Amino acid sequence: MSFANLGLSDKVLSAVEAAGYTTPTPIQEAAIPIVLELKDLIGIAQTGTGKTAAFVLPMLTRLENGRARARMPRTLILEPTRELAAQVEENFVKCGINHKINVALLIGGVSFDDQIKKLDRGVDVLIATPGRLLDLFGRGRLLMSGVEILVIDEADRMLDMGFIPDIEKICKLIPPSRQTLMFSATMPPEIKRLADMFLTNPVRIEVAKPASTAETVSQYLVAAGREAQDKRDVLRRMLRSAEDLKNGIIFCNRKRDVQVLYRSLEKHGFSVGALHGDMDQRARMAMLDGFRANKLTLLVASDVAARGLDIPDVSHVYNYDVPVHSEDYVHRIGRTGRAGRSGVAVTLVTDLDVKHLAAIEKLTGDDIEWIGPKISDLSEEERRGSGRGESRERGGRGRERDGRRGSSGRGETTAHGEGARKRGGERSEPREKPREPVAPAEGRGRRRPSRPTEDLAPVRAGDRPPARPRVDEIDEAPVGLGDHVPAFLLRPVRSVRGAE
Ligand code: AMP
């Protein structure tokens, strides 16, 4: 199947070619003709499947006829976060190079004035977060009566963020004759109810099961003590010993912890940024741009801030906290192993997380491998987080965990420590610790990323290791999906007309 067979206009087809897309992804192949037939659509798809272009391309084709009027947007796309809204805007810019269309972004954290001016000039595509949209509507700055297409993107995330009442209000403000497209990674009952209320005979398309983790991601668990200091120690050691770390996202459950961990990593010499909902828009964009441009190696983030970020080729995801909602685990680790590349996801587990971990393994059907001892193997002292960690070890006592971990115990202060300490930086010394063989990913001829080492050796005061991979070690970002198409993109699409 090629883009040319989907009913898109010539202008769109030439932009698609310029964007480097050669073959439509399954969601695009299924959704584009339906959108062009003016039918309502429920698309069950995660980010990374090409779902944005699945609505952007047919919308551009449709917008070629007609003109925008002042304060009356012709199409409206609702996004849960400012970052996602900005990404959709970028998609319109990339795929709309041959179009003269006005795109406006209505997001919180930026001045009203510019947004109002844009609305006054007439907008073809309005991309908005629900709160800001209702705010401007309440001030009489826009009319919804001209909206022909409404897109509700990331509906399940809207639910998590408490936006459903706002979405309902917005749906009621737009004439029912509109076309409605809804995208969601999962279909909880509340979203199903929303679809029943506001979509008319939608066609349902599903790509990749929501609970599935990409086969390209190698997942690992590491036991850590409950105390934040111990968790940070363990994380630092994982970061320093990670062989293939090019760039990574570190997820925390709480915004507060994002900030604390970010400061701590920065203090320890890591190249790191932070992303959480309390940061102002400029700071968030600056962090994100720095990370995208490989100026920052690590990004500490909360789920909401990172959801759906289109950052190609993140090599590692670290779960500093086990996510409370198991679906968040799938979304988090979906940040790596994208576009057919292999990725590593490491989750720190304390004894308080055992229940959530079990839920994750049940949801994903994955039996995740432990690096080092399981949490159940730790002593009570270790579970608490006392008696471990580099700061305490610096005080003198090397950790003697006897037998269980053999020569790679965390308390070791031998030459292994030296090797590990340099690994995040210059890598000048030959390694003294035998490595596990690196197995190629089955059937794909791709190199599987190295298993994170257990070599969590202590670092002595004054020996601050820089953990910045050299810029010239970092891969170029791929165009589109690069040369590989991830396995989950190739799964067959289920399309049931008139369902839901
Ligand atoms: P999305 O799921 O919309 O976040 O898209 C994920 C990534 O896939 C983005 O980097 C897109 O630019 C890219 N992409 C979307 N459609 C295609 C396609 N047909 N071929 C190659 N790359 C694509």
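Between Leu173 and Arg69, the modelled label-to-label distance comes to 1.8 nm, taking each label 7 Å out from Cα in the direction of the beta carbon.
Based on Cα contacts under 8 Å between residues 6+ apart, the range 1-62 shows a relative contact order of 40 percent. Note on the range 196-291: semi-axes of the ellipsoid equivalent to its C-alpha gyration tensor, largest first and rounded to whole Å, are 32, 21, 15. In angstrom, the C-alpha Rg and Dmax of the range 61-218 are 15.9, 51. Label separation (Ser111 vs Leu143): 2.8 nm, computed from points 7 Å beyond Cα along the C-beta direction. Residues whose amide H comes within less than 5 Å of that of Gly337, counting only those at least five positions distant or on another chain, are Val314, Gly343, Val344 (H built at 1.01 Å from N in the peptide plane).
Using a cut-off of 23 Å between Cα atoms, the listed pairs Lys267/Lys355; Lys100/Lys169; Lys39/Lys100; Lys94/Lys169; Lys246/Lys267 include Lys267/Lys355; Lys100/Lys169; Lys39/Lys100; Lys94/Lys169 as exceeding that distance.
Net length available on complete extension from Arg121 to Tyr220 is 30.4 nm, with 0.36 nm assigned per residue and the Cα-Cα distance removed. Most tightly packed first, judged by the mean number of other beta-carbon atoms within 10 Å of their residues, the peptides 182-193, 10-21 read 182-193, 10-21. Using 0.36 nm times the number of residues separating Asp196 and Val324, minus their current alpha carbon distance, what extension gain do you get? Working it through step by step, the gained length comes to 43.2 nm. Model label sites at Glu381 and Leu352, defined 7 Å from Cα along the beta-carbon direction, differ in position by 2.2 nm. The alpha-carbon positions of the range 120-174 define a convex hull whose volume is 80 Å³ per residue. Loop-located trypsin sites (Lys or Arg not before Pro) in the range 26-122 (DSSP state other than H, G, I, E, B) with a sparse environment of at most 15 neighbouring Cβ atoms within 10 Å: Arg67, Lys100.
Each reported figure results from applying straightforward, stated rules to the coordinates on display, with no laboratory input. In this text, all values refer to a predicted model and were calculated from it rather than measured experimentally. Here Cβ is always computed from backbone atoms with ideal geometry, including for glycine, and neighbour counts include all displayed protein chains.
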